Amino acid sequence: MSARILDGKATAALVRDDVRRGAVQLLAERGVQPGLAVVLVGDDPASHVYVKNKDKAAHEVGFAVRTERLPATSTLAELLAVVERLNADASVHGILVQLPLPAHLDASVVIERIDPRKDVDGLHAHNVAALAMGRPGLRPCTPAGCIEILDRHSLPLEGAEVIVIGRSMLVGKPFAFLALERNATVTMAHSRSRDLPALCRRADLVVAAVGRPLMVKGDWIRPGATVLDVGINRLPDGRLVGDVDYAAAVGHAGAITPVPGGIGPMTIAMLLANTLQAARTACR
Ligand code: NDP
């Protein structure tokens, strides 16, 4: 058996089309163009690539986009002043501070300063609490993208046995809450979990968000299970791979996301969806 490939690029294009239509409607009905501000501190080459991609994607759906570039030597006070300025700017509906920040800047302090209504990364404590409590709010983009790709392929979470490997605030924990919200039975695994292969073999859905190349083996996957591979790892030979041994898992899984071209494109699409949501909320 060979798995159905969950094409993140094609699915993200559908999400972006919906966002583009939503932006046109908001402009026509309320005269509001969704605005996204991306704050980039320093010279990290990977961050520059990510920001360029986000900027391009936001332009393509008709958003007003601006990137605030700050030198790596910026002080916390200087960065917070930029965030405050964007908080006060009514034309900005979403603020994204590109992580990681240079080591001398505490990301948690910066995130807490973003107006929660503009926190399109969904990382502010207010939005984290809203997620945990099942209240409306902005959800983190990567786990929201995982839910979206399942929904768009009619893969239900209701009653499903789910294992989430990795418990970060960025991916693992918020995904677990989102899956619980959909009435899945969720197991959270991490570096101290015992017998990970056995935990995986029970699951209808395996979500790997670890950052360890090819860690999840093919025979850990129950025949027919769904696999979402969030990991992005660069091998010494330059290849980009996920946390799942895709070549082996594809023979066991019922459906699987590739790397690249799986959850990565979904993450950017959900950033756009969050920005549209923030703009709509601001108009109410
Ligand atoms: P973190 O490093 O913050 O978290 C990794 C998690 O994996 C931790 O909870 C850790 O456990 C767990 N872990 C580490 N080793 C093992 C192990 N041997 N067995 C089981 N669990 C283990 O990573 P992130 O959540 O930020 O990112 C995870 C991956 O997803 C990375 O490859 C990252 O690049 C990728 N990513 C991809 C995105 C996308 O758009 N596709 C977006 C964000 C991230 P413990 O808590 O015990 O230390």
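The values are calculated or read from the model by the stated rules, or taken from the named source; none is laboratory data. Since this is a predicted model, take the numbers as computed values, not measurements. In this analysis, Cβ positions are derived from the backbone assuming ideal geometry, glycine residues included, and neighbour counts consider all displayed protein chains. Each accessible area value is taken on the protein alone, full model and side chains, heavy atoms only, with ligands, DNA and RNA left out. Shrake-Rupley method; radii C 1.70, N 1.55, O 1.52, S 1.80 Å.
Things to note:
- For the chain, diffusion coefficient by Stokes-Einstein and Kirkwood Rh (Cα), 4 °C, 1.567 mPa s, µm²/s: 67
- Members of Lys56/Lys118; Lys54/Lys217; Lys9/Lys217; Lys118/Lys217 lying beyond 29 Å, as alpha-carbon distances in this model show: Lys54/Lys217; Lys118/Lys217
- Zone residues, the range 1-37, relative to Glu60, backbone N less than 20 Å from point 7 Å out along Cα-to-Cβ: 6-25, 34-37
- Long hydrophobic helices in the chain: the complete DSSP H runs spanning 15 Å or more by Cα along their own axis with mean Kyte-Doolittle hydropathy of at least -0.5 are 8-30, 76-88, 141-152, 263-283.
- The label point for Arg152 and the one for Glu181, both projected 7 Å from the Cα toward the Cβ, are 1.8 nm apart.
- For the pair Arg234 and Ala81, label points projected 7 Å from Cα toward Cβ lie 3.4 nm apart.
- With the whole protein complex present, Glu181 retains an accessible surface near 90 Å², based on a 1.4 Å probe.
- Pairwise label distance in nanometres, Asp17 with His190, each label 7 Å out on the Cα-Cβ vector: 4.1
- Two-site FRET efficiency, Arg4 against Glu161, from Cβ-Cβ distance with R₀ of 22 Å, rounded to 0.05: 0.70
- Rounded FRET efficiency, nearest 0.05, which uses the C-beta distance separating Ala72 from Arg284 and R0 of 51 Å: 0.85
- Under the Debye formula (equal points on every Cα, no solvent term), log10 I(q)/I(0) of the range 86-245 at q = 0.09, 0.15, 0.17 Å⁻¹: -0.34, -0.87, -1.05
- Mean projected area in nm² (Cα convex hull; one quarter of hull surface) for the range 31-115: 5.3
- Per residue convex hull volume, Cα atoms of the range 210-262, in Å³: 65
- Rule-of-thumb Rg ratio for the range 172-284 [Cα; 2.2 N^0.38 Å; N residues]: 1.19
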